[in-house]
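**Student:** Here it is: the structure, laid out below.
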């Protein structure tokens with residue numbers, strides 16, 4: 001029979017349970033902030049991409065011409081700047097995060113999401129709106145499941161980090177090579193592998209972001225960790241979406 005007179009029953013065993021509850025509540029709030037920023041970034045990217053694609057603004061960034069093989073899309077000088085700017089922003093956020101303020105990181109994150117949206121506006125010229133929507137919601141469902149797995153699993157996923165990083169490097173090299181080969185078969189293989197790599201990264205990164213809370217929770221670094229975590233998951237989502245779009249998107253041509 002339970003000892004109802006035991007003072008530990010009402011005191012959380014010398015404060016252990018209240019501290020655990022506070023830590024769990026803090027972790028949930030931390031992860032919720034990460035997801036909120038990540039989702040805000042994805043929505044901003046989508047809105048900007050749609051705005052440029054459905055207006056004359058796209059002509060500032062890309063030249064679009066009808067050819068016998070379909071649309072020929074090429075970047076203007078400003079287009080090259082917009083396409084390369086996200087790389088500079090993400091490198092600045094990664095290497096200068098200790099020097100940048102939390103508000104500066106937020107500004108850079110949303111600037112990154114907006115500029116990337118402008119550079120991705122051509123997908124609305126290449127693929128049908130319906131297939132983009134279908135792939136987007138499919139990606140969202142898959143991302144949610146993988147991220148929940150990474151958050152809840154007791155299995156340590158850190159061992160997959162090196163394997164996934166090596167796969168990502170190989171994927172980048174193969175993509176560069178295929179820019180010259182222009183192989184349709186190789187493009188499909190790259191896209192399929194890309195989906196698998198970023199699916200794995202979604203679960204791995206979620207667990208890593210969750211684990212980081214033990215070090216930054218309640219400190220001045222928590223706000224910065226939230227933004228960088230959101231950027232990481234944002235990149236996982238966007239890349240998985242683009243690779244799935246290449247596999248399953250319906251071309252307008």
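**Student:** Starting from the stretch 207-232, take each residue that is on the phi > 0 side of the Ramachandran plot and assigned to a loop (DSSP other than H, G, I, E, B) and list its partners that are at pLDDT below 95 and surrounded by fewer than 22 Cβ atoms within 10 Å (Cβ to Cβ), counting only C-beta distances under 7 angstrom and pairs at least six apart or across chains.
**Tutor:** 218/26
**Student:** It is to be established whether one or more residues within the stretch 22-41 are over 27 Å from the mean Cα position of the chain (by Cα) and either on the phi < 0 side of the Ramachandran plot or at pLDDT below 95 (or both).
**Tutor:** From the stretch 22-41, those over 27 Å from the mean Cα position of the chain (by Cα) are 22; that's our starting set.
When the remaining residues are screened for being either on the phi < 0 side of the Ramachandran plot or at pLDDT below 95 (or both), the result is 22.
Yes, there is a match, as at least one residue in the stretch 22-41 is over 27 Å from the mean Cα position of the chain (by Cα) and either on the phi < 0 side of the Ramachandran plot or at pLDDT below 95 (or both).
The values are calculated or read from the model by the stated rules, or taken from the named source; none is laboratory data. All of these numbers come straight from a predicted model, not from anything done at the bench. Here Cβ is always computed from backbone atoms with ideal geometry, including for glycine, and neighbour counts include all displayed protein chains.
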